[in-house]
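Worksheet: one structure, shown below.
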Amino acid sequence: MSIQAVLESKVKEAVFSIFNTELPSVEFQPTRKDFEGDITVVVFPMLRVLKGNPVQIGNQIGEYLVNELAEVTSFNVIKGFLNLVISESFYLNFFHTIKDQTDFGFVADSDPGAVMVEYSSPNTNKPLHLGHIRNNLLGYSVSEILKAAGKKVYKTQIINDRGIHICKSMLAWQKFGKGETPENTGLKGDKLVGNYYVAFDKAYKAEIAKLVESGVDKEVAEKEAPLLLEAQQMLLKWEAGDEEIVTLWKTMNSWVYDGFEQTYKDLGVDFDNLYYESNTYLLGKDFVAEGLKNEVFFKKDDGSVWIDLTDEGLDEKIVLRSDGTAVYMTQDIGTAIQRVKDYPDVKGMVYTVGNEQDYHFKVLFLILKKLGFSWSKNLHHLSYGMVDLPSGKMKSREGTVVDADDLMEEMTATAAKISEELGKLEDYSDSEKHGLYKMIGLGALKYYILKVDPKKRILFNPEESVDFQGNTGPFIQYTYARIQSILRKASTTNVNLSMALDHALELHPKEKELIKQIQIFPDTIQLAAENFSPALIANYTYDLVKEFNSFYQQVSILGETDEQKKVLRIQLSKKVSEVIESAFKLLGIEVPERM
RNA sequence: GGUGGCAUAGCUCAGCUGGAUAGAGCACCUGCCUUCUAAGCAGGCGGUCCUAGGUUCGAAUCCUAGUGCCAUCACCA
């Protein structure tokens, strides 16, 4: 039982015994640093059921707790705050019970239901950029957090491999490509295809300009430019299964997949299965037909099918075009249902998609609910803010994107530069160094992105490099490396780490603080899972690390002459490093032995 | 215009279901490497928590109205 649970029932008991009143709940908070104490009971809320002076009430409860609980050694009351000092032996005992738990903070797979987390969802006409990086890091991290909180997770991705966008790249390649391939150009496949997407846009814009010059209205020109018409023709051919088009489509998509695979690998994310839009875009029509029968949907005179969500404060939304073809909503309905068919243990889904699609998902979830799927109540849109540049939105067609591969490379280069200047790794081989630089560079990038609340937008300035000091990934990695250094040294001495420690051992205040911080790791994981927020893990880890560095500065570990204290400090350091490693694993960040 | 999100130090961000004097990092200033890694530690400077009302013993947090930025409201995806 946690100390808080013990305190809660004792405080209730105290109030009942002193005032003969039932207390519905007790409010706790960590004691502020400037006061003596570890846990604070807030007396004010009790005034609703108890009449009296908060200071007096606090004192009476404090007396009671000190007398009744060995864990509470003393107390003080300031205004309406009852500050309790918890005994050192309590923290010491707690530490002993968890110090050898390798999975401390993680809950074993306890829930029979699984959750499917979708992230990435790229289009196959261009390379991944910084926006995808945020999406990928969030989706991956939330998946790991959910697993740590005891859920079974399937990581998935829907690849938007069909549609007008890829036809544009295909058409441009046919017209201007001169047989270029990744092999004969040495270009990464996704980059090559992306170049043709840009080439299409350029040629298309030129056509529009020409048409406008010859007197055509701009809007008409945009719709009737020959290149666009040709791309639309190509899409129709693709849908009809035209062999030449399908072959070209397969070829160019395979180039892109090779490129994506490389990027995902560098980024350190993975998937348990993949869905392709070319397989799912026809799904959903059956369910629309069924929903029409059940009057979830209604048909307009022109034959189009809609759902009326005005009762929910939303609008009417189309689910099938008048020509009977699907819209995005149609296939999203179908795909969701298909996923549960494919994985019958799936009881919920998380969609990692930017907040520009908030409305879409609100509607999707409502439709699935109205269609009567039990799992529809466990659908969550992990909606995140856009990553913007100082110049505004990133636009692929205009070339104002921060490319994912380039960015990772730059981060690695920055890490290398800083590391070389510090010169602590002279004895590392070049490949060892490079591996480390990548680990640090990516650590900086991932932490930078994940420490921000997902729903907030991120302003990314490519001119200003991501920090490597302060509240950053490298700072935390550095602390981990420092601890490893101590542990290496300790292992060469004859210190007995498994030595039994005296339960009455005196704790240094910094040691107590560290144990307190370690203690809340499990709760932090649960909270992060409930909120789908890696930022909570990141900020927790930073607090832990800051506390450790302060401890490290003030207290000698290996230099301690008292053997008992020395062992405790080494064990404590070791545990801190394990928690750092676990927490960073949840963020998809690796930790180094040295740096 | 309707709907949703966001607004906290010069900059980037924390602030859990309302609680004590609103916290970090960067930047700037001052100390600390002959002792376990200075990517560190200790300290200083810096605030109209967007504005105005309201609820409450108590509001950055909840409610109302307004302002600003972003998104969305297509037989686009």
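The values are calculated or read from the model by the stated rules, or taken from the named source; none is laboratory data. Quantities reported herein were computed from a predicted structural model and do not represent experimental measurements. Please note: Cβ atoms are built from the backbone with ideal geometry, for glycine as well, and neighbour counts cover all protein chains shown. Only protein heavy atoms, including side chains, enter the accessible area calculation; ligands, DNA and RNA are left aside. Shrake-Rupley method; radii C 1.70, N 1.55, O 1.52, S 1.80 Å.
Multiply the residue separation of A:Gln564 and A:Thr185 by 0.36 nm, subtract the distance between their alpha-carbon atoms, and state the gained length in nm to one decimal. Can you show the working numbers first?
Numbers: separation 379, 0.36 × 379 = 136.44 nm, distance 6.49 nm.
Fully extending the segment from A:Gln564 to A:Thr185 adds 130.0 nm.
Which of rounded, prolate, oblate describes region A:207-324, given a ≥ b ≥ c as roots of the alpha-carbon gyration tensor eigenvalues and a/c under 1.5 marking rounded, otherwise prolate only if a/b is larger than b/c? Walk me through the numbers before you get to the answer.
On the way: a/c = 1.90, a/b = 1.12, b/c = 1.70.
Since a/c reaches 1.5 but b/c is at least a/b, the shape of region A:207-324 is classed as oblate.
Rolling a 1.4 Å sphere over the protein heavy atoms, what is the accessible area per residue of region A:106-183, to the nearest Å²?
Details: 2280 Å² over 78 residues.
Result: 29 Å² per residue.
Search the structure for amide H atoms under 5 Å from the amide H of A:Gly354, placed 1.01 Å from N in the peptide plane, and list their residues when 5 or more places away or on another chain.
A:Tyr384
With the other protein chains left in place, how much accessible area per residue, in square angstrom, belongs to region A:409-468 at a 1.4 angstrom probe? List each step's numbers first, then the result.
Values: 3480 Å² over 60 residues.
I get 58 Å² per residue for region A:409-468.
So with the 1.4 Å probe, I'd like the accessible area per residue for region A:3-86, rounded to whole Å².
Values: 4490 Å² over 84 residues.
With the other protein chains kept in place, region A:3-86 gives 53 Å² per residue.
Taking amide hydrogens as modeled 1.01 Å from N in the peptide plane, which residues meet the under 5 Å criterion relative to A:Leu389, leaving out close sequence neighbours?
A:Met394, A:Phe460
Can you list residues from other chains, or at least 5 along the same chain, whose modelled amide H is less than 5 Å from the amide H of A:Thr40?
A:Gln29, A:Thr31, A:Leu84
Quick one: with all protein chains in place, what share of the accessible area of region A:424-530 is carbon or sulfur, to the nearest percent (1.4 Å probe)?
Numbers: 2720 of 5440 Å².
Within region A:424-530, the accessible surface is 50 percent carbon and sulfur.
Using θ = phi - 60° and the Karplus form 6.51 cos²θ - 1.76 cosθ + 1.60, what ³J(HN,Hα) does each residue of region A:115-120 get, whole Hz, x for Gly and Pro?
Working through the residues one at a time gives 10, 9, 10, 9, 8, 5 Hz.
Rounded to the nearest 500, what is chain A's calculated 222 nm mean residue ellipticity when only DSSP H runs of at least 4 contribute -39500 (n - 2.57) each, over all residues? Walk me through the intermediate numbers first.
Working: 21 runs with 319 residues, N = 595.
Calculated from helices alone, the mean residue ellipticity at 222 nm is -17500 deg cm²/dmol.
Say the cut-off is 24 Å between C-alpha atoms; which of A:Lys147/A:Lys512; A:Lys155/A:Lys451; A:Lys285/A:Lys362; A:Lys265/A:Lys433; A:Lys433/A:Lys585; A:Lys12/A:Lys546 go over it?
Working: A:Lys147/A:Lys512 30 Å; A:Lys155/A:Lys451 22 Å; A:Lys285/A:Lys362 20 Å; A:Lys265/A:Lys433 19 Å; A:Lys433/A:Lys585 21 Å; A:Lys12/A:Lys546 36 Å.
Flagged as over cut-off: A:Lys147/A:Lys512; A:Lys12/A:Lys546.
Given R₀ = 30 Å, what would the calculated FRET efficiency be for A:Tyr328 paired with A:Lys218, taking r from the Cβ atoms and rounding to 0.05?
Details: r = 27 Å, r/R0 = 0.90.
So, using R0 = 30 Å, E works out to roughly 0.65.
Given a Förster distance of 41 angstrom, what is the FRET efficiency for A:Asp272 paired with A:Glu27, based on the Cβ-Cβ distance and rounded to 0.05? Present the calculation step by step, with values, prior to reporting the outcome.
Details: r = 42 Å, r/R0 = 1.02.
Calculated value: 0.45.
Return one number: the angle in degrees, 0 to 90 and rounded to the nearest 10, between the long axis of the Cα atoms of helix A:88-98 and the longest principal axis of the Cα atoms of chain A.
40
When only DSSP loop residues count, what trypsin sites (Lys or Arg not before Pro) in region A:115-224 have their Cβ near at most 16 other Cβ atoms within 10 Å? Each step should come with its number before you reach the end.
Values: sites: A:Arg134, A:Lys147, A:Lys151, A:Lys152, A:Lys155, A:Arg162, A:Lys168, A:Lys175, A:Lys178, A:Lys188, A:Lys191, A:Lys202, A:Lys205, A:Lys210, A:Lys218, A:Lys223; in loops: A:Lys151, A:Arg162, A:Lys178, A:Lys188.
Those satisfying the criteria are A:Lys178.
Determine the share of region A:314-357's accessible area contributed by carbon and sulfur atoms, expressed in whole percent, with a 1.4 angstrom probe.
Working: 850 of 1780 Å².
Of all accessible area on region A:314-357, carbon and sulfur atoms account for 48 percent.
Please give me, ordered by residue number, the trypsin sites (Lys or Arg not before Pro) of region A:258-320 that lie in loop per DSSP and have at most 13 other Cβ atoms within 10 Å. Intermediate results must be reported in sequence, preceding the final value.
Details: sites: A:Lys265, A:Lys285, A:Lys293, A:Lys299, A:Lys300, A:Lys317; in loops: A:Lys300.
Taking region A:258-320 and a limit of 13 other Cβ atoms within 10 Å, the loop trypsin sites (Lys or Arg not before Pro) found are A:Lys300.
If I compute solvent accessible area with a 1.4 Å probe over the protein chains, what percent of it on region A:163-277 is carbon and sulfur? Walk me through the numbers on the way to the answer.
Numbers: 3320 of 6170 Å².
After summing per-atom areas, the C and S share lands at 54 percent.
Between A:Ala108 and A:Ser304, what length in nm is gained on full extension when 0.36 nm per residue of separation is reduced by their alpha carbon distance? Don't skip to the end; give the middle numbers.
Values: separation 196, 0.36 × 196 = 70.56 nm, distance 4.85 nm.
Extra length from A:Ala108 to A:Ser304 when fully extended: 65.7 nm.
Per 0.36 nm of contour for each residue apart, how much would the distance between A:Leu422 and A:Gln553 grow if the chain were fully extended, relative to their Cα-Cα spacing? Don't skip to the end; give the middle numbers.
Working: separation 131, 0.36 × 131 = 47.16 nm, distance 2.02 nm.
Between A:Leu422 and A:Gln553, full extension yields 45.1 nm more.
Can you give the FRET efficiency to the nearest 0.05 for A:Asn378 and A:Ser2, using r as the Cβ-Cβ distance and R₀ = 35 Å? Walk me through the numbers before you get to the answer.
Details: r = 28 Å, r/R0 = 0.79.
The value I calculate is 0.80.
Output ³J(HN,Hα) for region A:493-504: one whole-Hz value per residue in order, computed from phi by the Karplus curve 6.51 cos²θ - 1.76 cosθ + 1.60 with θ = phi - 60°, and x for Gly and Pro.
8, 9, 6, 9, 5, 9, 4, 6, 9, 5, 6, 9
Spelling out what I want: for every residue of region A:354-368, take phi, set θ = phi - 60°, compute 6.51 cos²θ - 1.76 cosθ + 1.60 (Karplus), and round to whole Hz; glycine and proline get x.
After applying 6.51 cos²θ - 1.76 cosθ + 1.60, I find x, 6, 5, 10, 3, 5, 3, 6, 4, 5, 4, 5, 5, 5, 5 Hz.
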